[in-house]
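Just so it is clear, none of the values below were taken in a lab; they were calculated from the coordinates. Every value quoted in this text rests on a predicted model; they were computed, and no experiment measured them. Note: ideal-geometry Cβ built from the backbone for every residue, glycine included; neighbour counts use all protein chains shown.
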Amino acid sequence: MAYKGHRVNPSKFEKSQLKLILAVLPIVLLTGLPIIFIFCHALKPIDELFAFPPQFFVYKPTFENFSKLMKVSRTSGIPMSRYVFNSVIITGSVVFFGIIFSTMAAFALSKLRFKGKTTMLNINQAALMFVPVAVAIPRYLTVNYLQLTDTYFAHILTLIPIPVVLFLIKQFVDGVPDSLIEAAYIDGASEFKVYRTIVLPLTKPAIATGAIMTFQQVWANMETSNYYINKESMKSLTFYMNTVANANNTVAGQGMQAAASLIMFVPNLVLFIILQSSIMNTMAHSGIK
């Protein structure tokens, strides 16, 4: 009889999987409870928000917090749609150009040979140690010198370099067989064609993971609006939500803060659900040498 092996991922439910489900279930609950709390907290009426002892679940869900948030936004001089537009432009541009530059740099650092390659890679690895606050002043001086304040470029150009994304994609490109690239060169392919037809298709999981990491960092970013933008109409949605929540830091304002937190969280959750299979592939690949 042929050995069938262990069916870790069967096509249908099997009793042998119960032990794995029971082992994973506590971890799923621990990681899922904060997400449930965010949704419940945003839907709580005032009496449940300040109930003692605090309530985890919502018992009388209401959209009153969202309606109050929308009402406050309508009374401001600039509509919320403007902030949404700014965040979409900024986030979309940073994700697109960041992934393009990161994949190109990863391909060059992994597969091409040129002088200074090791030094550039070491510089990127050293940049992983710097938090945004540590480079805030040099960035501001650079933006001010280039006269980019109060423009979309101040948002976008300062957020495109993400060393961890470049490092992640570079490690993934290292796994692309050199023989495959050499065969393409023999067939007359240029570096750009190799990058476009071989490197990009084979690194899609890493690209998806890098896109999510970039999106999360840019979508929740407030530093560029604080440091480089003076015009209110050029600020991001995250900055606006934080300003509204702090300006209404009263009993009634706690509900608006909960609603604003949920609004800012949902895009991250949706993007992760869409690209979760690619993320899992990247994590699995990182353990194969």
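Could you tell me which label, among (i) 16.7; (ii) 22.7; (iii) 20.4, carries the value of mean projected area of the Cα convex hull in nm² calculated for this structure?
The value matching this structure is (ii).
For a quick protection proxy, order the peptides 140-153, 174-187 by their average other-Cβ count within 10 Å, most packed first.
Result, highest mean first: 140-153, 174-187.
What's the FRET efficiency of Phe63 with Asn144 using the Cβ-Cβ distance as r and R₀ = 35 Å, to the nearest 0.05?
Working from the Cβ atoms, E equals 0.20.
Using a basic spin-label model with each label point 7 Å from the Cα along Cα→Cβ, how many nm lie between Leu180 and Ile78?
Roughly 4.6 nm, to one decimal.
Name the shape class, rounded, prolate or oblate, that the alpha-carbon gyration tensor gives for region 68-163, where a ≥ b ≥ c are the square roots of its eigenvalues, rounded holds for a/c under 1.5, and otherwise prolate holds if a/b is larger than b/c and oblate otherwise.
prolate
Charges at C-beta only: +1 for Lys and Arg, -1 for Asp and Glu. How large is the resulting dipole of region 144-277 about its Cα centre, in Debye rounded to 20?
300
With an 8 Å cut-off on Cα pairs and a minimum separation of 6 or more residues, tell me the relative contact order of region 80-254 in percent.
Contact order relative to length: 39 percent.
Taking region 81-141, which trypsin sites (Lys or Arg not before Pro) meet the DSSP loop condition and have no more than 10 other C-beta atoms within 10 Å?
In loop regions of region 81-141 (DSSP not H, G, I, E or B), the sparsely surrounded trypsin sites (Lys or Arg not before Pro) are Arg113, Lys115.
Under the 0.36 nm per residue contour assumption, what length would be gained going from the current alpha-carbon distance of Phe85 and Val135 to full extension?
15.3 nm
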